[in-house]
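What follows is one structure encoded as C-alpha cells, with my remarks underneath.
The values are calculated or read from the model by the stated rules, or taken from the named source; none is laboratory data. Just so it is clear, the structure is predicted and the values come from calculations on it, not from any experiment. Methodologically, a virtual Cβ is constructed for each residue, glycine included, from the backbone with ideal geometry; neighbour enumeration extends over all protein chains shown.
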Amino acid sequence: MKVLGINGSPRGKGNTALALGEMQKEFARHGIEMEIVHIGNKAIRGCLACGACSRNRNEKCIIDDDPVNDIVGRMKAADAIVLGSPVHYANIAGTMKSFCDRAFYVAGANYGIFAGKPGAAVVAVRRSGGSNAWSALNYYFTIANMPVAASTYWSIVHGTAAGEATEDAEGLQTVRNAARGIVSLLTGAPAEFEFGARTSFIR
C-alpha cells in the first residue's frame, strides 16, 4: 500500500513538511510507504472553469503546467492521500488552492477517480486560522467521495520558523493519529490512537 502526501507550502523544509514527515514515519511503522511531493513552490495557475476536463474525460486538466496532471495520476494510483498546507490569511496557501481546485475538478469530471481513497489533512500555523484551513482541505475529500481519516483532535501543528513545530507535542500527536486513522481505513484494523500530549502555548 502507498500513501501520497502533497506539500502545499512554499517552503520545502518548513513545518508543513515536518508534519508530513511525522506521518511518513508513522506509516513506515505499519509497513506502508508514503511518497511526499512538494508543489507549493511551483507556478500553478488556478482553475479556468472551462469545463474541458468534463468534455474530454481523459483524467487531465487542459492547462499544461506540470506537475498538476502528473500528480493527478499519482493520486489515482495511491491508496490514500494526505493534503498538507501552511495557513495564509486563515486559509490554505494560494498555490495549494489552485492545485486542489484543478485536481479535484478533474477527479469529479472523470467519474470520481479518487472515490473510496482515505484522505487526511494536516496544517501548519503560527497562531490562528488553522481549523479554517484544515476544514478547507477536508472539503476536497468529502466532495470526492473519500472517507476522511479520524484523529483525536484537528491535525494542526503550530510554529513559525522551520522546526518550531517539534515543540508542539499535542499537534504532532494529532498528526500521527491522523496517519493511524488512515492505516485503520486501509487495513480494517481498529485504530490505536495515542493520548496524553497537551500543548497550551502559554509560557
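Kindly indicate whether I143 is closer than 25 Å to G12 by Cα and either surrounded by fewer than 20 Cβ atoms within 10 Å (Cβ to Cβ) or at pLDDT 95 or above (or both).
No; evaluated as a whole, the condition is false for this residue.
How many residues are under 16 Å from the mean Cα position of the chain (by Cα) and assigned to a helix (DSSP H, G or I) if we restrict to region 145-182?
Of the residues in that region, 11 qualify.
What residue, among those in region 22-60 that are on the phi < 0 side of the Ramachandran plot and of a type in the set (D, E), is surrounded by the most Cβ atoms within 10 Å (Cβ to Cβ)?
Ranking the qualifying residues of region 22-60, first place goes to E22.
If I filter region 146-181 down to residues being of a type in the set (V, I, T) and closer than 19 Å to Y89 by Cα, which single residue comes out as surrounded by the most Cβ atoms within 10 Å (Cβ to Cβ)?
This residue is V157.
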